[in-house]
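Asks: Let me give you the structure first, and then I'll get to my questions.
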Amino acid sequence: MKITKVSEAPVKETPHKVDTRPVYDTESAQAVHIRLEPGERLKPHITPVDVFFYILEGTPNVHIGDEQETVQADWVIESPKDIVHYLSNTSEKPARILVVKAPRPTRQTKLL
């Protein structure tokens, strides 16, 4: 059994410059915990695989293609592959999101 305590997982340096912690990485899928402080956001990007966002805490904004929605804890949002998407936090409280990519990408994410 492998157990990962998110708060102790190392922060991965990314072009997004936010708290990003890989918590699961196998050939079949990847999961990353993201913490967005008030005013932070990811850069718009395109992933080569399907992604879903599980909102753990807060009320972040999810931007997928031309759509934008403010979401809340316990919501799951799907983002199909090859579509521009990003997360932002315009609230006054931190947001925590679990991002799952399946299958595991074999090509790089394209930043815009």
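The values are calculated or read from the model by the stated rules, or taken from the named source; none is laboratory data. Remember, predicted model here, so these are calculated numbers, not experimental data. Backbone-built Cβ (ideal geometry, glycine too); neighbour counts: all protein chains shown.
Okay, residues lined up against (1) at pLDDT below 95; (2) acidic (Asp, Glu):
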| residue | (1), (2) |
| --- | --- |
| 9 | no, no |
| 14 | yes, no |
| 35 | no, no |
| 40 | no, yes |
| 51 | no, no |
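Asks: Anything in the stretch 42-61 that is assigned to a loop (DSSP other than H, G, I, E, B) and out of contact with any Phe, Trp or Tyr (no Cβ under 8 Å at 6 or more places or on another chain)? List them, or say none.
Replies: Initial filter on the stretch 42-61 (assigned to a loop (DSSP other than H, G, I, E, B)): 42-44, 47-49, 58-60.
47, 48, 49, 58, 59, 60, listed by residue number.
Asks: May I ask you to say which residue of 84, 62 is touching a residue at least 12 places away in the same chain (Cβ under 8 Å), at negative phi and out of contact with any Gly (no Cβ under 7 Å at 6 or more places or on another chain)?
Replies: On the way: 84 fails: out of contact with any Gly (no Cβ under 7 Å at 6 or more places or on another chain).
Only one candidate passes the filter, namely 62.
Asks: Go through the stretch 18-36 and give me each residue that's part of a loop (DSSP other than H, G, I, E, B) and surrounded by 11 or more Cβ atoms within 10 Å (Cβ to Cβ). If you could, list the steps in order and put the result at the bottom.
Replies: Going residue by residue through the stretch 18-36, those that are part of a loop (DSSP other than H, G, I, E, B) are 18, 26-29.
Result: 18, 29.
Asks: So for the stretch 37-44 (the condition being surrounded by 17 or more Cβ atoms within 10 Å (Cβ to Cβ), within 17 Å of residue 89 (Cβ to Cβ) and of a type in the set (A, V, I, L, M)), does at least one residue qualify?
Replies: Yes - at least one qualifying residue is present in the stretch 37-44.
Asks: Here is a follow-up. Considering only the stretch 69-110, give the strands (runs of 3 or more DSSP E) lying wholly within it that have at least 1 residues that are polar (S, T, N, Q) and under 22 Å from residue 17 (Cα atoms).
Replies: Working: elements: 76-79, 84-88, 95-102.
Hits in the stretch 69-110: 76-79, 84-88.
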